[in-house]
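Since the structure comes first, as structure tokens, the remarks are kept for the end.
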Amino acid sequence: MEYIAVALAIALSTFGPGIGQGIAASKAMEGIARQPEAAGKIQSALIISLALMEALTIYGLLIAFMLLGQIG
Amino acid sequence: MADEAHASGLFNVLGLEVTSTMTTMVGITVALCAVSYFASRRMKAVPGRFQGAMELAVESLRGYFGSILGDANTRRYLPLLGTMFLFIIVSNYSGLLPMAGHTPGLAPPTASLSVTAGLAAITFFAVHTLGIKHKGTHYFKHFFTPYFFMVIFLLIEEIVRPVSLALRLFGNISGEETVASQIFGMIPLIAPLPFYVLGLLFGLLQAIVFTTLTSIYINGAIGEGH
């Protein structure tokens, strides 16, 4: 039962950021396709925003590890 | 799991436990110092291959941070940001060495939360020290703009920033290490290769992200419009 909680902690926390990152990446690619000369700026902004979304998943991973430590 | 290998100490120095993470950190520091020393020992106007490669690295780092911080500030803070970048990227890549994390004395430092928390603490103190140095007591004013009660949220933000910096680097690198070692345990041949390639990509990306966010925070602290 506890293992289901661990699995859900990481699985659910990948869900939202996954969607968000997909939207961000698709918009960035649209932007690059429309304006190839701005590719560098868009790229660095994209990496920052992806990293900030990534943090949410990492929180989930941390909670999963903490739960796993509690069980084992 | 990879955690067990670098949680246990190797030996004691003056009552302090020395772990594999620490020995690897010292090794990386010595290696970086040695490379920089030998690259800059006999500098020539027309650089050879070795000096040329190092100059290319420094120049591209300066160009990158210059696009965020501006030229004058980049010259001033490149030693901090560049060192951070090089240390993080070499640490991340040290996890790709054969048997890293399972051999005593060799474990990627950035897969340990203590190391990334230390790096994030450097960022935290650097940002606020530089902010106070540049603006004096005016620095504290931005906590109260535009409304006085914003101070609660802005203070929480200042605490969340280093925490998320530390957790992001730690989570990515240790997660990647764990995945690679699990796959290696299941199918030792060929199957872990894609994960090593991903590890190369993530190692670079996380180093870029960490230093970029640091430079953005520094820019926010010393810049005019905040």
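Could you say which residue among A:26, A:44, A:49 is assigned to a helix (DSSP H, G or I), polar (S, T, N, Q) and at the interface with another protein chain (Cβ under 10 Å from one of its Cβ atoms)?
Values: A:26 fails: at the interface with another protein chain (Cβ under 10 Å from one of its Cβ atoms); A:49 fails: at the interface with another protein chain (Cβ under 10 Å from one of its Cβ atoms).
Exactly one of A:26, A:44, A:49 is assigned to a helix (DSSP H, G or I), polar (S, T, N, Q) and at the interface with another protein chain (Cβ under 10 Å from one of its Cβ atoms), namely A:44.
For region B:134-157, which residues satisfy the criterion of being open to solvent by 70 Å² or more (accessible area, probe 1.4 Å) and touching a residue at least 40 places away in the same chain (Cβ under 8 Å)?
B:134
Scan A:59, A:3 and give me the residue that is within 11 Å of another protein chain (Cβ to nearest Cβ) and touching a residue at least 40 places away in the same chain (Cβ under 8 Å).
Step by step, each of A:59, A:3 is checked, and only A:59 is within 11 Å of another protein chain (Cβ to nearest Cβ) and touching a residue at least 40 places away in the same chain (Cβ under 8 Å).
Take the residues of region B:158-173 that are open to solvent by less than 10 Å² (accessible area, probe 1.4 Å) and under 15 Å from residue A:63 (Cβ atoms): which is farthest from the other protein chains (Cβ to nearest Cβ)?
Residues of region B:158-173 that are open to solvent by less than 10 Å² (accessible area, probe 1.4 Å), as a first pass: B:165-166, B:168-169, B:171, B:173.
Subsequent filtering for residues that are under 15 Å from residue A:63 (Cβ atoms) retains B:168, B:171.
Values: B:168: 5, B:171: 3 Å.
This residue is B:168.
Kindly indicate the residue of region B:3-28 that is closer than 22 Å to residue B:181 by Cα and over 20 Å from the mean Cα position of the chain (by Cα) and also modelled with the highest pLDDT among those meeting that condition.
B:10
Given the conditions (1) away from chain A (no Cβ under 14 Å); (2) over 16 Å from residue B:220 (Cα atoms), and given that residue B:142 satisfies all but one, which numbered condition is not satisfied?
Only one criterion is unmet by residue B:142, namely (2).
Give the residue that is farthest from the other protein chains (Cβ to nearest Cβ), with candidates limited to residues of region B:87-104 that are in contact (Cβ under 8 Å) with a residue 40 or more places away in the chain and open to solvent by 70 Å² or more (accessible area, probe 1.4 Å).
Looking at residues that are in contact (Cβ under 8 Å) with a residue 40 or more places away in the chain and open to solvent by 70 Å² or more (accessible area, probe 1.4 Å), I get B:104.
Specify which of the listed residues (A:19, A:10) is of a type outside the set (D, E, K, R) and loosely packed, with under 14 Cβ neighbours inside 10 Å. Can you show your working first?
On the way: A:10 fails: loosely packed, with under 14 Cβ neighbours inside 10 Å.
Just one listed residue meets the conditions, A:19.
Of the residues A:49, A:26, which single one is of a type in the set (Ser, Thr, Tyr), modelled with pLDDT of 85 or more and farther than 18 Å from residue B:163 by Cα? It would help to see each step written out before you state the result.
Numbers: A:49 fails: farther than 18 Å from residue B:163 by Cα.
None of the other options fit; the residue is A:26.
From the list B:42, B:76, which one is of a type outside the set (Phe, Trp, Tyr), at pLDDT below 90 and in a helix (DSSP H, G or I)?
Values: B:42 fails: in a helix (DSSP H, G or I).
Going through B:42, B:76 in turn, the sole match is B:76.
Filter region B:175-226 for residues that are assigned to a loop (DSSP other than H, G, I, E, B) and touching a residue at least 12 places away in the same chain (Cβ under 8 Å); which is farthest from the other protein chains (Cβ to nearest Cβ)? If you could, list the steps in order and put the result at the bottom.
So the first thing to find is which residues in region B:175-226 are assigned to a loop (DSSP other than H, G, I, E, B), and the list is B:187-192, B:223-226.
Within this subset, residues satisfying the condition of being touching a residue at least 12 places away in the same chain (Cβ under 8 Å) are B:192, B:226.
On the way: B:192: 20, B:226: 17 Å.
So, considering only residues that are assigned to a loop (DSSP other than H, G, I, E, B) and touching a residue at least 12 places away in the same chain (Cβ under 8 Å), the one farthest from the other protein chains (Cβ to nearest Cβ) is B:192.
Looking at (1) within 11 Å of chain B (Cβ to nearest Cβ); (2) touching a residue at least 12 places away in the same chain (Cβ under 8 Å); (3) not hydrophobic (A, V, I, L, M, F, W, C), which one does residue A:17 not meet, given that it meets all the others?
All conditions are met except number (1).
All but one of (1) more than 12 Å from the chain's Cα centre (by Cα); (2) open to solvent by 20 Å² or more (accessible area, probe 1.4 Å) hold for residue B:74; which doesn't?
(2)
Return yes when residue A:54 is assigned to a helix (DSSP H, G or I), within 13 Å of another protein chain (Cβ to nearest Cβ) and acidic (Asp, Glu) and no when it is not. Can you show your working first?
Details: assigned to a helix (DSSP H, G or I): yes; within 13 Å of another protein chain (Cβ to nearest Cβ): yes; acidic (Asp, Glu): yes.
So residue A:54 passes the test.
The values are calculated or read from the model by the stated rules, or taken from the named source; none is laboratory data. These figures come from a predicted structure and were not determined experimentally. Here Cβ is always computed from backbone atoms with ideal geometry, including for glycine, and neighbour counts include all displayed protein chains. Note: accessible area is taken over every heavy atom of the protein model, side chains too, but ligands, DNA and RNA are not part of it. Shrake-Rupley method; radii C 1.70, N 1.55, O 1.52, S 1.80 Å.
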